[in-house]
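Okay, so here's the structure we're looking at.
The values are calculated or read from the model by the stated rules, or taken from the named source; none is laboratory data. Since the structure is predicted, the reported quantities are computational estimates derived from the model, not experimental observations. Glycine also receives a Cβ, built like all others from the backbone with ideal geometry; neighbour counts cover every protein chain displayed. Heads up: the accessible areas ignore ligands, DNA and RNA and are worked out on the full protein's heavy atoms, side chains in. Shrake-Rupley method; radii C 1.70, N 1.55, O 1.52, S 1.80 Å.
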Amino acid sequence: MLISPGCAKAKRVVSSGSSGNRQKPPQKLRSYNGLRFSPTHDPFQVVLIESTKTTVAVTFNIPVNHLSLNQKNILINGEPLTRANKIRFNKTGNLIEINTELSVGTRFTVEFTDLESYDGEKLTVTKFNSLLPWTSTEYPSIKTEENEE
C-alpha cells in the first residue's frame with residue numbers, strides 16, 4: 001500500500017539493513033564569542049598575510065584568543081608594536097589588522113610570541129620573513145592525521 005508523503009498518517013520507514021555508509025557520531029561544538037566551532041581542527045596557523053603601506057592583515061585558520069594578543073607580543077622587524085599601532089579583529093576572530101608604517105620596496109618580518117587560539121593551542125609557526133608591502137602571501141595548511149579524512 002502506498003501512502004502519500006503529505007498524508008497526516010504517513011509513517012517514516014527506516015531500513016534495518018546496513019547501507020555501508022555509517023556516519024560519525026556528532027561532535028560537540030565549542031562556543032567562542034557567540035560562534036560555534038568544531039573541537040577538532042588543524043593545528044593553529046597563519047594561512048594568509050596581506051600588507052599595504054600602512055596595514056598588515058593576518059588571517060588564521062581558527063580564531064585567535066584576543067586575550068593572548070597585545071602590542072608586546074607582535075614584533076615587526078624584531079621590534080614590538082607601540083601604542084600608536086592599532087590592532088583590530090574581525091567578528092570571527094580569525095583575522096587581525098595591524099596599523100603600522102612600512103617602507104615600500106623594503107622587506108619586513110612579522111613575529112608572534114605567546115599567541116594562542118580560542119581553545120588555548122599555541123601558534124605552530126611564529127615567524128614570517130621576507131614580506132613586502134603591497135603583497136599577499138599564502139601559507140599551506142598543516143594537516144593532522146585525524147583531520148585528513
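A few remarks follow.
- Here the condition is being modelled with pLDDT under 95 and charged (D, E, K, R); of GLU111, GLU50, GLU145, it holds for GLU145 alone.
- Exclusive hit being open to solvent by 90 Å² or more (accessible area, probe 1.4 Å) and within 15 Å of VAL46 (Cβ to Cβ), set LYS91, LYS122: LYS122
- Qualifying positions in the range 64-83 - touching an Asp or Glu at 6+ places or on another chain (Cβ under 9 Å), among the aliphatic types (A, V, I, L, M) and under 23 Å from ARG107 (Cβ atoms): ILE74, LEU75, ILE76
- For the range 76-88, a residue qualifies if it is in contact (Cβ under 8 Å) with a residue 24 or more places away in the chain and crowded, with 17+ Cβ neighbours inside 10 Å, and exactly one does: ILE76.
- Close contacts from the range 137-149, counting a first residue that is over 11 Å from VAL46 (Cβ atoms) and a second that is modelled with pLDDT of 80 or more and surrounded by 10 or more Cβ atoms within 10 Å (Cβ to Cβ), with Cβ to Cβ under 8 Å and a gap of 6+ residues or different chains, come to LYS143/ASP42; THR144/ASP42; THR144/PRO43; ASN147/ASP42.
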